1. Okay, helix-only estimate at 222 nm for the chain: each DSSP H run of n ≥ 4 adds -39500 (n - 2.57), divide by all residues, round to 500 deg cm²/dmol; what do you get?
2. Ranked by Cβ crowding within 10 angstrom, fewest neighbours first, how are 260, 249 ordered?
3. For the pair residue 62 and residue 547, how long in nm is the line joining their label points, each one 7 Å along Cα→Cβ?
4. Let me make sure I get this right: for segment 136-213, a, b and c are the square roots of the gyration tensor eigenvalues over alpha carbons, sorted descending. Under 1.5 in a/c it's rounded, otherwise prolate if a/b > b/c, else oblate. Which is it?
5. Would you mind calculating the gained length between residue 5 and residue 268 on full extension (0.36 nm times residue separation, minus the Cα-Cα distance), in nm to one decimal?
6. Could you calculate the FRET efficiency of residue 554 with residue 486 from 1/(1 + (r/R0)^6), where r is the beta carbon distance between them and R0 is 51 Å, rounded to 0.05?
7. First check a/c for segment 18-332, with a ≥ b ≥ c the square roots of the eigenvalues of its C-alpha gyration tensor; if it is under 1.5, answer rounded, and if not, answer prolate when a/b is larger than b/c or oblate otherwise.
8. Mind ranking 353-359, 83-89, 70-76 by how tightly packed they are, going by the mean number of other C-beta atoms within 10 angstrom, highest first?
Amino acid sequence: MARNKFDVDEKLESPFNIAHLKRAFVYIKRQRNKMIPALVLSATGSVAGLFGPKIMQWTIDNAIPEKNLRLLLWLFIAYIGVTLLNVAFNTVRSRLMSLSAQNIIHDIRGDLFAHLQRLPFSYYDSRPAGKILVRIINYVNSVSDMLSNSLVNMILEILNVLFIIGFMFATSPKMALVTVAGLPVFILVIFLIKPRQRRSWQEASNKNSNYNAYLAESIDGVKVTQLFARQEVNIGIVKRLSEACRRTWLKAIYISNCVWFSSEMLTQIVLTALYVVAVYFMGGGKIAEIGLVVAMGNYLSRFWQPITNLANIYNNFVNNIAYLERIFETMDEPVDIADAPDAAALPALRGGVSFQDVTFSYEPGINILEHLNLEVTPGENIALVGPTGAGKTTVVNLISRFYNLNDGAILLDGEYDIGKATLHSLRSQMGIMLQDSFVFAGTIRDNIRYGRLDATDEEIEEAAKAVRAHDFIMQTEKGYDTEVGERGSGLSGGQRQLLTFARTLVSNPKILILDEATSSIDTKTERLLQEGIRNLTAGRTSFIIAHRLSTIKNCDRILYIGNKQILESGSHEELMEKRGYYYQLYTAQARDQGMAV
Ligand SMILES: Nc1ncnc2c1ncn2[C@@H]1O[C@H](COP(=O)(O)OP(=O)(O)OP(=O)(O)O)[C@@H](O)[C@H]1O
Ligand SMILES: [Mg+2]
């Protein structure tokens with residue numbers, strides 16, 4: 001699996017792909033009851049606004065020369081009327097569009113998060129959290145604006161252009177032709193710049209994503225940074241990443257500005273041409289009405305405005321298509337670990353687990369486990385021991401299907417293949433305590449209740465008592481209602497471990513998995529805990545991983561994992577007698593402890 005890091009640009013799979021836009025239509029369509037009225041309102045408002053120059057023309061060419069006060073008054077009222085209509089309609093439209101944009105953000109965020117929650121461990125193994133955050137926060141905001149405002153504005157501006165062309169031709173076909181003549185040049189410029197512009201915005205967004213990834217990691221690891229006095233080095237890295245953002249951003253802006261520059265230049269050139277034509281008409285004896293020239297000049301400036309806007313919207317599209325790609329790429333990330341089409345819910349399990357010729361690797365070609373076979377009877381207490389990195393955690397993670405097997409199968413109660421069971425029915429019967437105890441921000445009670453929201457306060461307290469967490473919880477300021485910070489800040493390492501232990505218990509699992517559940521707890525508390533654990537594991541299948549061998553001595557069976565295999569299996573006494581790997585491990589530890597005492 002390819003791993004991405006803060007200093008590696010992410011790859012975008014496809015070039016500009018209209019399919020992304022089509023797909024985005026799903027979100028747009030849901031807002032049609034707001035977007036269509038918005039469109040109609042603003043189109044009407046625009047047409048009304050376009051009568052403005054006409055009214056001016058009539059005023060200058062008819063009402064004033066004829067000294068027709070009545071007409072002047074009516075034209076004045078009409079002018080105010082159309083302007084008001086234009087403003088009012090656009091205000092309502094603004095409101096409708098903000099609503100649509102927020103709804104789209106809300107929908108995409110929801111879908112993205114739901115998908116992220118289902119993505120397997122391997123997805124998170126392979127990319128920095130910061131880059132995932134950027135997708136949910138920045139990209140979604142940016143894209144939703146494009147999907148709502150830009151899209152409606154685009155249609156509107158196209159209509160505007162058509163309306164204005166209509167009004168111009170109705171006013172003076174010759175002058176209209178002069179104005180429209182500049183259009184092909186402008187379109188040509190845009191199409192020449194377009195590919196470079198797209199690439200430059202992608203590069204900028206890549207650099208920004210890298211910067212975010214590093215930032216997120218640095219905030220997470222700030223304590224280690226300060227511990228090793230590495231601040232200067234990190235500041236240097238951030239400077240470099242930030243500089244890359246600045247450079248690519250400026251380049252992208254520069255290229256985008258070329259579009260703006262071209263449109264400004266063209267406006268001026270065409271305006272000059274228009275006046276030249278007007279003078280020519282006047283010089284030719286056919287005195288063009290001044291009102292007509294004023295109206296045309298006005299239409300002209302209005303004509304280039306939507307064209308410039310269209311160019312900007314186009315810019316916006318180019319930027320955002322890259323983001324849209326990222327968002328859909330995330331949504332398309334396969335949920336490798338999902339219910340099979342014919343998945344069935346598991347019944348209540350008895351707790352038998354069998355590994356049948358299981359081979360597994362995280363990265364292709366590097367097997368962590370090979371042809372592993374194991375039979376565990378319901379209610380059996382299994383301990384897994386072995387050197388660091390041997391694959392103990394991997395074995396227990398496979399039972400809950402956090403990763404798919406390369407080969408072989410894992411059966412529960414001798415008949416249910418975990419690959420064919422629904423994930424919910426599988427995991428809800430497992431109680432897993434991960435090696436890294438993760439505590440969420442919130443109260444102690446909420447943390448213990450995390451896996452079973454309907455657990456009563458009594459059950460929570462019972463679990464906490466069983467793992468000897470109750471005493472320290474009662475010593476905190478508000479007991480079970482004490483708030484802990486993100487990642488459990490405010491608690492000691494051992495206390496965090498006890499909390500996660502209680503959390504695992506509350507879910508009342510059929511199969512209990514404890515991965516180094518007591519590694520951070522002092523020996524005295526651990527000894528007390530042992531009794532609790534014995535009660536808990538009685539009659540329940542359990543897998544206990546521990547480096548401190550004294551804690552697993554009494555398990556029904558001890559498995560020594562090494563060399564991608566189970567190298568030894570048996571009770572403590574049997575393995576000691578065998579004088580193999582376990583014996584060596586145990587005697588070495590006993591000796592060390594003997595010396596320490
Ligand atoms: N997400 C992962 N991606 C790739 N390789 C991994 C991943 N997790 C673990 N490994 C590798 O798999 C091997 C087994 O890891 P595992 O965590 O199962 O070891 P362990 O026996 O639990 O070790 P420890 O006693 O230190 O907890 C290690 O060599 C490790 O480098
Ligand atoms: Mg481990």
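1. Details: 21 runs with 363 residues, N = 597.
About -20500 deg cm²/dmol.
2. Working: 260 13, 249 17.
The order, fewest Cβ neighbours first, is 260, 249.
3. The modelled label-to-label distance comes out at 9.4 nm.
4. On the way: a/c = 6.61, a/b = 2.11, b/c = 3.14.
It is oblate, given that a/c is not under 1.5 and a/b is not larger than b/c.
5. Values: separation 263, 0.36 × 263 = 94.68 nm, distance 4.86 nm.
Length gained between residue 5 and residue 268: 89.8 nm.
6. Values: r = 37 Å, r/R0 = 0.73.
After rounding, the FRET efficiency stands at 0.85.
7. Prolate, because a/c is 1.5 or more and a/b exceeds b/c.
8. Values: 353-359: 17.7, 83-89: 15.7, 70-76: 13.9.
Result, highest mean first: 353-359, 83-89, 70-76.
A short reminder: the numbers here are calculations on the coordinates, not readings from a lab. Since we're looking at a predicted model, the values are computed, not measured. Please note: Cβ atoms are built from the backbone with ideal geometry, for glycine as well, and neighbour counts cover all protein chains shown.
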